[in-house]
Structure formats: structure tokens, C-alpha cells
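The structure appears below as C-alpha cells.
Read-outs: derived from the displayed coordinates by stated rules, not from any lab. Just so it is clear, the model here is predicted, and its values are computed rather than measured. Note that we place each Cβ from the backbone using ideal geometry, even for glycine, and neighbour counts take in every protein chain shown.
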Amino acid sequence: MKRYLLTLALVCFAFIARSGNVFIFEQFDNSYLPTGWSVNGSQADYWQLMETNHAGGTPYEVEFYCNINGTWRLTTNAVDLTGVESVDFSFKHFYDQSMGVNLTVGIATKSGNEWHSGWSQTYTSGGQYQVNATIATEDMGKPNVSFCIYFTNSNDMNFSYIYIDDISVFIEQDLDLDLQDINVDEAQANRIFDVGMRLFNTGNNDVTSVECSYQFNDNQVVTQTFNENIPSGTFKNLTFDVPANLIPDDYNLTININKVNGVVDNDISNNSMTKKVSVACVPASRKPLFEHFSASSCGTCPVLSEAMDNFCNNNPGTFTYVKYMMNWPPPGDPYYTQDGNIRKTYYGVNQIPWLFMDSYACGVNAPSQSLFNEHLNESATMEVGGSYYTDGNIIHINAEIMPFASLDDVRVYVSVNEKVTYNNATTNGETSFHHVMMKMLPNAQGNTMSLHAGQLERLTFDYDMSSTHVEEMNDLEVAVWIQRHETKRVYNSRFLFETENHPYRPENLTVEKTGNIIQASWEAPSQVTPLGYNIWLNEDLIVENFNGTNYNFNGADGDYYCVQVQAVYPNNIVSVKAVATTNEHWAIGEVDGERLSVYPNPADDVIHVETSSETSQISIMNLHGNLIKTCFLNNNHVNVGDLPNGVYFVEIKENNGVRKIARVIINHK
């Protein structure tokens, strides 16, 4: 049985402050335990978060391996229960009983040093359970109350796995639906995206319908009635049928619960939430980040090292890689550093080898090719670029971040690695080690900054590497990545180019649209003249190594276009892109809140579009909002046999000028 330690992380949501009857609601959406939560007991390192759903919720869930007598606790953050006489506590759990019986599960509270049990039950058989209990301990009414779910095993022959999910603490009303979260990423790579939410029924009565609405800034309000069954004490994730369709900009997205079961519910204070969302002018390509914890004294580490070497050889140029050498097991790796120790603590690593890809734990295995491709093909909202070179023992770094959407309070990490090391070999048989981190600049805490769409950010460092473990100064590489410290989400990463001549981007790019012609013009970088320019219109590469500083695009009959220009230098070195957009845009105000019905979905060769008015033209767009084709309805049918498999959006413009949109999946059999 491998042992893992749960890592604490703050889950940040950008929403307005609100009051209500829900004190705790935790669905465990990622691989990190929320801030303020803890695990304890004699086998505390046998807890972990798993991407499973044995308890009946959605991945992730808490897993605990119980194999000796004792009591273990999963403890929540403290909440203020001033004036509260009792609360309702609900959670899901699954008891995978292998041998024996008599596992006691309970709920306890404390406002000081002593736990007070409020509910318990002894289970004689395994299975999936939903617990709904009223807690009225002596800690009620106190301002600083923590809860725990505890497990007591009284049979040392009882070897079991326990899974826990969907923990909530609330005061029950007759009819109350709580808006828990807005399920929309804060930075959107694509203009068209789904708007979702998480609802929690804190009332006594089951919910059978809920009317909700969303609005971006002062744009069109989209309203929908969901005829969904949400039993008392359970949650539901819902997605609006009408997706967002936005011009690139920063928005405040507000979601409201308007009616529950046809009426206003008992507590309107938890019916509204607002979240800041930034829509990128164009998607950026992504390179997944590997962070690998290892040591030359670790007997099992060569297996993962060899697997990753093979994986990297099969996927050249598609990833960024940093390996942190640890100081255990004894005698430890000679190339251990305090920077590596900080990253170990950040992720809560307590065994090696251990691998993360974009902060997601791969554990002791290399990722599957399909999982890696999923990360690689996910669109990003920023580019990473830049250069470095060495002069004696000094490394000179010029890192650039070009955001296509805005992100507040993120960290940019810069790691100087040696591509291959040899002198740190000790006891496990490995003789060479790849991508070994030597120094993080300025340190392992990263560089905190707020990124604004279209505004280039540059970090420069000149560092004397003679104080590090570097073996050869001509064997270095520089990895740069952007990460949110609290949630550990990695937005993008890149190895920098090795060159003394920094690849500066084009300057003063402007774009104008006249009729069906888009005119783009720019200036050469003031520091150097490139060999030429690569030019994109939206996501399509139009021309490579173009010799000139203006370019015209013909046949532009859409409403929104984004031009990207990238400077090209010798040895396949390129700059980050300069980006500019046209001034005419689609607007969400033109999207009606009524659902456009398209079927079958998924479709093969033909789709049927139901519309109440005479509609002459239909548009089909890809996930990024790019126009794929326009055609005319034929008895409300559209031929889609020529479209590749994938997800598309079908849009019609009715005679009254209102646009309606629906998502359709094309899957040719």
C-alpha cells in the first residue's frame, strides 16, 4: 500500500460576499484538500484525494485506507455558529469492507480542544451510504466551530477502504436552493462557452424545477427553467442550453436563482453570485508542464525516470520539464536544494518518485499518451516565450508572457535546469539524470503579477550559477510557467530559446476592416530586424516568413477577426505574437434566451433545426467561434456530412433580427 499525504490548498472563487444558511459545502473538485481542512490519527498518511466516485458524488473524493484499530478524523475549517442552536450535516460515504465488521462512523464538533460527538452509527456491512444528521452539541452557538467525520475501527482484522464526498453543513428551510458556485473558468480561451452552476438544496422539500438566469455585464439576460429533481440535502450541477457568445473582453458574470418550484424560495440571500470572467482574443497553444520529484538514493526512482525518458523521446518539443532532487532516503541526492524542498512542500510530496503534469498527480507512473494529448490540445489563454544565454558563470534570462485574457494574482516561475547531470549519482544505479533543477529565480515562491489582455510582461534575470550544482554551463535550459498559487492550476509553460539575440516581437500592430478586406500593418522590432513574419487570421496560419510589414486579408465577411503576427529569426527561433482585433464584433445581446432545438444530437450526415419563424440562412461555427460554413435550410434540414467529427455551434438569425444558437456534436459512423 503506497502512502500519500493530502496537500492543503485554498480554493478561490471570485464572487460577491453573501450570507445564507450554508456554512460548509465541499465537493472536492481537485486533488488538494481545501485550506483549513486536515486529517489526523495514527495513519494520517493513509488519506488521499482520488479521482473516483465510489461514494456517489463526482470525482474527486477523499479516500482512507483503514487496517488497524483506532480513530481517524477528517476535520473541516472552523465556521461561525453564533446564534445557531443546531445544524444539519450531510455527507456521502462508501465503506469497502474486506474483512470483519463494526466500523463506527460519526460526526463531532469542537470549539476548543475537545471533540463532542453529535451523531454516530456502527456499520455491519459495506456499501454506499448517504448520511443526513441533525447536530446539536454543546459547541452550537460558538463563533469558532470545527466539524469532523471520524472513523473508529474496533476489529484489527478489518482491512477496508473508506471514501467520503459531498460534505455540507447548513440550516434547513422549508424551501431553499443555494447557489454554490459558478462553473465557468475565470479565463476563457474560446468566445463560445457553456455557462454552468452548482446548486445545493438546503430545504426540507425536494426541488422539481428551478428558474435561473445569467448575464454578462449589461448584455442580454438569458433565462431558463430547469425541470430537474434535486432532493433535499443534495446538489446538482446544471448547464444553460444557451451558451455564452462574447467578444473578447473582461466581464462580470452574474447568475441568479429566480424561482424554485415556481415560487421565490425562503432565503433569497444565497440566490445570486457574480464571477469575473475574461474572454481571450484568440486561443494560444499549450505545452504541458512535468514536475518530477526524485533522488539518486531512491531505489524505485529509476523505473519512473526510464519511463519518462521514453515518453519524452516519443513526444519531442511538446512539453516543459523540471526535476527536483530530494534529500531522502538516506543519504539523499547531492543536488538537493532548498528551492526543490519548497516545491515538495507546496505539493505535499512525501514519497518519491512522484510526478505531476500541470499540477495533476500522475504518481509513480508516466502519463498515458491520451491523457498527455488531452492536456496538450487544451487551449491556453496566454503565450510564454523569451530567451537566455550564458556568459562564463552568468546566465542572462529574458522571459516574456503575452496574455490573451486577463488573470489577476498569478505567479510566474522561472527554473534554470541542467539538461543532463552525472555527478549526483549515488546508490540506485542511475548514472544520468535529466532536466535537473539548479536554481529558481528569484526563488521558489515565483513572481507574483496580474496579467492584462494584450499587455506584454517581461522578466529579466542575470544570475551567477557558480553557487549551484551546475556541472556544465553549456548544458542549461530555462523553464517558465504560469500558475495560480492557491489552486495550483498551471495555465501554460515553455522552455525558452537559447540565443544571445532576443526574439523581439513586432511593434504597433493595427487592424482595420473595410468592407470584406482586413488590413493589418505593423513595425519591425526597434532592437533588431527579423527574417520575416508568420501571420494568422484568428487561429489559421495564413502565411509563413512573410517579407513585409503590412498584409491584406480578402473575403472577410464575418463580424470579428483577430490578427496575430510573429517575428521569425534564424535557427527556427520565433517571438511571442503581437495581437490586434477588428472593431466590429458579435455581441451577446443578439443571442436570444430561448432554446434552439437541433436533432439528432449527436448527428451523422443531417441535422434538423426547429424554428418557429422563417429562417433563410444558418451558420455553423467551431468551438472557438470561427465560422465554418453558411447554408440555407431545406425543409428545416441541414447537410453536415462534410464536417469532421467534433463539437459545433449552429446559429440562425430570424426575421426579427434575433440570433439563436445551439450546440451539436458531429459523429460520423
| message | Starting from the 7 Å offset along Cα-to-Cβ, what nm value, one decimal, do you get for the label separation of residue 227 and residue 40? | response | 5.1
| note | For the range 455-513 the translational diffusion coefficient, Stokes-Einstein from a Kirkwood Rh over Cα pairs at 10 °C and viscosity 1.306 mPa s, in µm²/s, is roughly 103
| Residues of the range 466-494 with amide nitrogen under 17 Å from the 7 Å Cα-to-Cβ point of residue 29? | 484-491
| Given a cut-off of under 8 Å on Cα pairs at least six residues apart, what relative contact order in percent is computed for the range 107-223? | 18
| request: Under a cut-off of 19 Å between alpha-carbon atoms, report the lysines in cross-link reach of residue 259, not counting same-chain residues fewer than 8 places apart. | output: 236
| Potential extension, residue 300-residue 460 segment - 0.36 nm per residue separation minus Cα distance | 53.8 nm
| Intensity falloff of the range 247-404 expressed as log10 I(q)/I(0), Debye formula with alpha-carbon point scatterers, at q = 0.15 Å⁻¹ | -0.97
| task | May I ask you to order 631-639, 313-321 by the average number of other C-beta atoms within 10 Å around their residues, highest value first? | result | 313-321, 631-639
| field | Translational D in µm²/s for the chain (Stokes-Einstein at 25 °C, 0.890 mPa s, Kirkwood Rh from C-alpha pairs) | value | 88
| task | Report, in order of residue number, the helices in the chain meeting two criteria: a C-alpha extent of 15 Å or more along the helix axis, and a mean Kyte-Doolittle hydropathy of at least -0.5; treat each whole DSSP H run as one helix. | result | 301-314
| said: Per 0.36 nm of contour for each residue apart, how much would the distance between residue 512 and residue 69 grow if the chain were fully extended, relative to their Cα-Cα spacing? | reply: 152.2 nm
| field | Descending semi-axes in Å of the range 443-559, equivalent ellipsoid built from Cα gyration tensor | value | 36, 20, 13
| note | quick shape note, the range 442-482: Cα extents on principal axes in Å, largest first -> 40, 20, 16
| remark: Here the gain from full extension of residue 409 to residue 378, 0.36 nm per residue of separation minus their alpha-carbon distance, amounts to 9.0 nm
| query | When the gyration tensor of the range 139-259 is built from Cα positions, what are the square roots of 5 times its three eigenvalues, in whole Å, from largest to smallest? | reply | 36, 19, 15
| Based on the Cβ-Cβ distance of residue 631 and residue 268, what FRET efficiency does E = 1/(1 + (r/R0)^6) give at R0 = 45 Å, to the nearest 0.05? | 0.45
| Equivalent-ellipsoid semi-axes of the range 245-323, from the Cα gyration tensor, Å, largest first | 48, 21, 11
| query | Among 431-444, 108-121, what's the highest-first ranking by average C-beta atoms within 10 angstrom per residue? | reply | 431-444, 108-121
| field | Inter-probe distance in nm under a simple model that places probes 7 Å from Cα toward Cβ, at residue 526 and residue 668 | value | 5.2
| Estimated FRET transfer efficiency when R0 is 41 angstrom, pair residue 452-residue 104 (beta carbons, to 0.05) | 0.15
| task | Between residue 120 and residue 501, take the C-beta separation as r, use R0 = 60 Å, and let me know the FRET efficiency to the nearest 0.05. | result | 0.30
| remark: Expressed as a percent, the portion of alpha-carbon pairs in the range 319-423 spaced more than 17 Å apart is 67
| request: Beyond 17 Å, what share of the Cα-Cα pairs of the range 398-491 is found? Please give it as a whole percent. | output: 57
| the range 281-411 - percent relative contact order, Cα under 8 Å, separation 6 or more | 32
| note | Applied in sequence order to the range 59-65, the curve 6.51 cos²θ - 1.76 cosθ + 1.60 (Karplus, θ = phi - 60°) yields integer Hz couplings, x standing for Gly and Pro, of x, 8, 8, 7, 10, 9, 9
